[in-house]
Each structure stands twice: as C-alpha cells, then as structure tokens.
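Report on the following structure.
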Amino acid sequence: MIPAYIALGSNLGDPESQLRSAVGALQALSRCVLDQVSSVYRSAALGPGEQPDYLNAVVRLHTGLAPLALLDALQRIEQDQGRVRDTRWGPRTLDLDLLLYGREAITSQRLSIPHPRMLERHFVLYPLHEISGGDLLFPNGAKLETYLRQCPREGLVKSPRRLSARPGTHCQSH
Ligand code: ROI
C-alpha cells in the first residue's frame with residue numbers, strides 16, 4: 001500500500017458539506033484506507049476574478065490502486081458531487097487533486113506528481129503539514145518544511161471544525 005496525499009477544495013454549494021461528502025466517498029474507495037484528515041482551512045480564492053472564499057483540506061490514504069486508477073476514482077467522486085466541466089481558475093463544487101503518491105515523480109498527459117502548483121499554495125502546504133509532519137519527503141528528496149518556510153501562511157484561517165470523526169476506517173476491498 002502506497003501513502004497518497006489528496007487536496008480537497010470547494011467554494012460552491014455549501015463547501016463544508018461538499019468536503020464532508022468527499023471524505024465519506026474517499027473512505028469508501030476500494031483498495032484504500034483513509035487514515036488522516038486535516039482540519040478545514042478557509043482562504044480567499046487564488047486566481048483572477050471575484051469568487052467566494054474556499055474551504056480546503058488534505059487527506060492521506062494508503063492505496064493499492066495505481067496512480068491513474070486513483071485519479072479515475074477521484075474524478076468519479078468529483079463528478080458524482082455535481083462538478084461540471086468548469087473553467088480554469090473558476091469556482092467549483094469540489095476539486096480533488098492528487099498531490100503525492102509515495103515518493104514517485106510522474107509526468108504524463110493526465111497526471112503530474114508532485115502536483116505542479118502545490119508548492120506555492122498555503123491552502124495545500126499547511127494542511128499537508130498538519131497531517132504528515134515536517135519530515136515528509138518529496139520525490140526530489142526535499143523536505144516539506146523547506147517549502148513551508150517559503151510559503152507565507154497569511155490569509156489562511158484554520159477552522160476548529162473537523163470533517164471526519166473516524167479517520168482510520170478500513171474500507172472494503174472488492
Ligand atoms: N483558491 C483557494 N484559496 N483554494 C482553492 O482550492 C483554489 N482552487 C482553485 C483556484 C481557482 C486556483 N483557487 C483556489 O482551483
């Protein structure tokens with residue numbers, strides 16, 4: 001089983017319940033065990049134009065799925081939660097980004113890992129640090145803490161509300 005980190009984001013249609021349902025769907029994925037769920041973080045939308053604030057979180061799951069099979073599963077969850085094909089940088093009901101898959105570096109047409117924009121995003125790095133600790137290593141050998149020091153936390157508000165009361169739930173394998 002490979003540890004994979006996934007970023008969740010939403011700024012439409014009751015973002016907190018979108019994130020909550022996404023965690024439920026991730027918990028129910030076959031050949032995966034979800035074992036860490038970060039707090040919920042609020043931040044202003046990054047990118048051009050006016051849009052509502054986002055809620056973001058990061059989870060870790062241990063998976064027996066290959067990277068593209070995991071990506072397929074994440075995209076199915078996004079679609080099941082009503083995501084329509086949206087504009088780049090536009091608001092979204094649910095965004096699930098595969099950030100890290102073990103220590104593999106992957107560059108293909110459908111998938112780039114580590115996620116290419118994660119290092120500049122406080123709403124990804126801080127929840128990732130909350131659940132992984134500073135010792136997390138990237139495929140290039142760099143420590144998460146090194147990236148964190150270069151990414152100001154300003155504007156990121158950690159909420160006391162939790163998305164999942166029962167991390168570590170084992171899912172069925174079928
Ligand atoms: N901004 C924030 N704060 N959080 C997101 O998850 C997010 N996702 C996006 C863009 C539009 C880049 N901005 C975001 O896709």
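Rounded to the nearest 500, what is the chain's calculated 222 nm mean residue ellipticity when only DSSP H runs of at least 4 contribute -39500 (n - 2.57) each, over all residues? List each step's numbers first, then the result.
Details: 4 runs with 44 residues, N = 174.
Calculated from helices alone, the mean residue ellipticity at 222 nm is -7500 deg cm²/dmol.
Using 0.36 nm per residue of separation minus the Cα-Cα distance, give me the extension gain between residue 110 and residue 149 in nm, one decimal.
That pair, residue 110 and residue 149, stretches by 11.1 nm at full extension.
Subtracting the Cα-Cα distance from 0.36 nm times the residue separation, let me have the gained length for residue 16 to residue 117 in nm, one decimal.
34.0 nm
Would you please give the residues with an amide H less than 5 Å from that of residue 159, counting only those at least 5 places away or on a separate chain, with H modeled from the backbone geometry?
40, 41, 42
Given charges of +1 on the Cβ of Lys and Arg and -1 on the Cβ of Asp and Glu, with all other atoms neutral, how large is the dipole of the chain about its Cα centre, in debye to the nearest 20?
140 debye
When only DSSP loop residues count, what trypsin sites (Lys or Arg not before Pro) in region 1-103 have their Cβ near at most 10 other Cβ atoms within 10 Å?
85, 88
Mind jotting down a quarter of the surface of the convex hull over the alpha carbons of the chain, in square nanometres, one decimal?
The Cα convex hull of the chain, projected and averaged over all directions, gives 9.7 nm².
Full-extension gain between residue 135 and residue 72, please, as 0.36 nm times their residue separation minus the C-alpha to C-alpha distance.
19.8 nm is the gain from fully extending residue 135 to residue 72.
Values in this text are rule-based calculations from the coordinates and carry no lab data. Keep in mind that what you see is a predicted model, and the values were worked out from it rather than measured. A quick note on method: Cβ atoms are made from the backbone with ideal geometry, for glycine too, and the neighbour counts reach across all protein chains shown.
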